[in-house]
Amino acid sequence: MLQAIIFDMDGVLVIGTGYVWKSFSIVLNKYGIDISQSDRKKYLGKSLADQIKMWKEEYNIQQDIILEDFAKEALTYQLEFMKNELHPDKDVQKLIAEAKEKGIKIAVGTSSHKERAITMLKLVGVFDKIDALATFEDVENAKPAPDIFLKAAELMNIQPENCLVIEDALNGIEAARAAHMKVIGKVGPHHTKEELEIADFVFENFDEITLQNIENLF
């Protein structure tokens with residue numbers, strides 16, 4: 001029985017024209033790193049801490065990259081890029097309102113920092129509507145491990161099998177599967193519909209799905 005919907009954030013609730021990688025690229029250029037579009041897929045859904053570890057190994061970076069400093073600088077650029085783009089999505093708002101009307105809880109499970117997540121969720125008009133927020137700071141292992149989604153379920157006091165996850169990244173879909181949750185995939189610029197078909201259902205825009213569609217998966 002559906003008792004909770006857990007949204008990923010970037011690419012699902014917060015949609016932009018590559019603003020995350022645009023900000024990362026500016027900061028990474030200081031270390032002489034330029035990551036191609038084709039190489040970015042493997043980092044999707046992973047925490048910034050995990051990404052930094054991968055970058056240091058793959059690009060042989062000798063300098064220290066301070067996680068908190070990197071995140072703060074990248075967020076500054078992101079907010080500048082997104083200030084005229086971020087806005088509430090009426091179809092997301094409708095889905096959340098219908099769910100809450102039926103007593104279904106709403107959470108966000110993201111690999112982002114908590115401070116950044118709160119800032120972004122406020123900008124898209126979702127933060128005051130959620131019952132729980134789980135970020136990579138709350139768990140030991142980031143996606144594709146199930147920890148973030150399991151933490152979100154724990155915060156809502158809901159069993160994992162009664163949760164549905166909405167994700168746009170393969171790492172996130174794998175995390176939801178590992179958590180024994182239903183999952184639907186949102187097509188975005190980084191993954192095709194075919195790539196996301198390991199999900200229970202795949203869609204492109206929120207006007208394509210209803211609460212009834214989701215409940216029918218249970």
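Key figures for this structure:
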{"quantity": "Two-site label geometry, LYS42 and SER25: point separation in nm, points 7 Å out along Cα→Cβ", "calculated": "2.0 nm"}
{"quantity": "Rounded Å value of the spacing that divides the Cα centres of the range 119-149 and the range 166-213", "calculated": "17 Å"}
{"quantity": "Potential extension, LYS122-MET1 segment - 0.36 nm per residue separation minus Cα distance", "calculated": "40.6 nm"}
{"quantity": "Global form of the range 92-188, assessed from the alpha-carbon gyration tensor, a/c cut-off 1.5", "calculated": "rounded"}
{"quantity": "Nearest 10 degrees, 0 to 90: helix 19-28 Cα axis against the chain principal axis", "calculated": "20 degrees"}
{"quantity": "Two-decimal Rg to Rh for the chain - Kirkwood Rh, Cα set", "calculated": "0.96"}
{"quantity": "For the range 19-82, the spread of Cα positions along each principal axis, largest first, Å", "calculated": "30, 25, 20"}
{"quantity": "Degrees separating the helix 48-58 axis from the principal Cα axis of the chain, which is the longest one", "calculated": "40 degrees"}
{"quantity": "For the chain, calculated [θ]222 nm from helices alone, where every DSSP H run of n ≥ 4 adds -39500 (n - 2.57)", "calculated": "-11500 deg cm²/dmol"}
{"quantity": "Helix 90-101 axis, angle to the chain major axis (alpha carbon atoms, nearest 10°)", "calculated": "50 degrees"}
{"quantity": "The range 1-149, relative contact order [Cα under 8 Å, separation at least 6], %", "calculated": "34 percent"}
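Each value in this text was obtained by applying a stated rule to the coordinates, not by laboratory testing. These numbers come from a predicted model, not from an experiment. Positions of Cβ are generated from backbone atoms using ideal geometry, with glycine treated the same way; all protein chains shown enter the neighbour counts.
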